[in-house]
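Heads up, the thing below is written out as structure tokens.
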Amino acid sequence: MFEALTDRLEGVFRRLRGEGRLSPENVRESLRDVRRALLEADVQLSVAKDFVSRVEARAVGEDVLKSLTPGQQVVGIVHDELVQLLGRTPVTLAGSPHLPTVVLLAGLQGSGKTTFAGKLAKWLGERGKRTLLVSADVYRPAAIDQLQRVAQGAGQSSWRAAEATPPVEIARAGLDEARRRGFDFMILDTAGRLHIDHDLMDELQALKREVHAHQVLLVLDGMTGQEAVRIGKAFAEQVGVDGLVITKMDGDARGGAALSLRAATGKPILFLGVGEKLDGLEPFDPARLAGRILGMGDVVGLVERARVAVDEREAARQAERLRKSDLTLQDFLEQLRQLQKMGPMEELLKMLPGVPKAALAQAAPDTRKLKRFEAILSSMTPVERLRPRILDGSRRRRIAAGSGTTVPEVNQLLRDFDQAKIMVKRMRHGPRGFGGLGRGRR
């Protein structure tokens with residue numbers, strides 16, 4: 001997400017940093033390029049103009065222009081104003097003291113409400129909250145069945161009413177069920193339409209009143225750009241929403257909806273949906289997102305992904321094995337799987353600060369090769385992973401056949417593993433351990 005905008009802004013700021021001294025004309029010319037970049041990212045015109053005006057008012061002051069690093073200071077001002085535009089402080093999903101907390105999901109058809117319901121249920125489950133998912137969508141074929149599947153995938157519960165039950169009665173009975181069974185949250189998935197109409201709004205208002213929804217979240221398709229802004233304003237005015245969710249952010253390189261919605265609707269963004277898997281949900285953090293847009297990385301987000309993906313006791317065990325230089329192929333397999341849990345490698349590399357785009361492209365690993373390595377390791381027996389020295393030619397042929405790879409690929413994995421063990425041993429001895437790295441070959 002935001003790749004196109006990040007590329008454009010990086011070019012503008014590179015020029016700014018290259019100027020020894022800045023004048024008001026330099027700054028204004030660069031900010032015109034910033035405004036064009038925002039408009040190309042599908043940011044609403046009024047939002048882009050207001051943003052650039054605020055940056056300019058701060059950037060052309062004498063304190064900035066006469067500083068030793070004026071270009072860097074302008075970049076800092078852009079970052080601050082981006083954070084302000086996105087909402088300044090993160091807003092989280094608020095729970096109610098009266099259980100269950102009722103979260104009503106609204107949005108047009110195809111915005112990703114049902115998938116988000118599963119993602120939110122999984123997210124809540126990871127925080128120790130029991131959640132009941134209820135669908136009041138009686139119009140879309142198999143909508144209730146789909147919600148049951150995502151609830152099962154999220155490890156949470158779902159409930160369905162008898163056929164032909166009206167939506168408001170489904171909501172009422174679902175809430176009674178959630179109270180009776182002691183759930184912490186109830187997520188009410190509602191029907192969408194292809195476009196906004198009075199029937200949709202009237203039904204949402206009736207559902208909101210019936211369950212006394214504590215949180216009404218509007219789910220918007222991030223790929224629709226300024227159309228998402230128009231939809232957001234209509235729902236905020238006619239139904240009343242407490243927060244926004246933007247889905248499919250991984251499918252849009254522009255990301256203008258995220259930059260426009262807070263300013264246009266006055267409502268906070270709570271979550272970003274990325275990917276179709278149920279773990280593809282990111283709590284919205286203005287400062288971290290502004291850093292990613294400006295190519296500054298997101299170390300906090302990277303650490304959070306690692307915390308979710310890696311078991312602490314397992315990490316401690318592997319760290320001890322590293323310290324003793326006692327790595328096995330079983331450790332190698334577990335580390336590969338943990339890495340995959342954290343998400344696509346391309347996304348993880350982008351979260352590292354200060355890495356140029358060209359370097360990112362060169363550093364990106366071959367994910368197909370990693371998957372082949374995992375298949376090879378999975379085709380080994382536990383004893384073979386613990387004692388790779390027993391892997392003779394016959395065993396290697398069997399492993400290659402079982403994993404759908406070739407014997408040379410098995411050999412390559414074993415060579416890479418041996419090289420990794422050598423590096424770990426040398427790291428134990430500090431800089432002196434690397435003294436022989438350059439010897440032997442000329």
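Data for the structure
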{"quantity": "Amide H contacts under 5 Å for Gly225, placed H, 5+ residues apart", "calculated": "Ala257"}
{"quantity": "Virtual spin-label span in nm between Lys233 and Gln109, 7 Å along Cα→Cβ", "calculated": "2.6"}
{"quantity": "Added length on full extension, which subtracts the Cα-Cα distance from 0.36 nm per residue, Asp197 to Asp80", "calculated": "38.3 nm"}
{"quantity": "Qualifying trypsin sites (Lys or Arg not before Pro) in the stretch 99-170, DSSP loop, other Cβ atoms within 10 Å at most 14", "calculated": "Arg127"}
{"quantity": "Ranking of Asp50, Asp145 by count of other Cβ atoms within 10 Å, fewest first", "calculated": "Asp145, Asp50"}
{"quantity": "Fully extended contour minus Cα-Cα distance, from Ala164 to Gln338, at 0.36 nm per residue", "calculated": "58.1 nm"}
{"quantity": "Cβ-Cβ FRET estimate between Arg395 and Glu3, R0 fixed at 45 Å, reported to 0.05", "calculated": "0.50"}
{"quantity": "Residue exposure sequence - Ser111, Ser379, Ser23 - by fewest surrounding Cβ within 10 Å", "calculated": "Ser23, Ser379, Ser111"}
{"quantity": "Charge dipole (debye, nearest 20) of the stretch 200-277; +1 at Cβ of Lys and Arg, -1 at Cβ of Asp and Glu", "calculated": "240"}
{"quantity": "Ranking of His198, His79 by count of other Cβ atoms within 10 Å, fewest first", "calculated": "His198, His79"}
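Readers should treat all values here as calculations from the given coordinates under stated rules, not as data from a laboratory. In this text the structure is predicted, and so the values were computed from the model without any measurement. All Cβ positions, glycine included, derive from the backbone under ideal geometry; neighbour counts span all protein chains shown.
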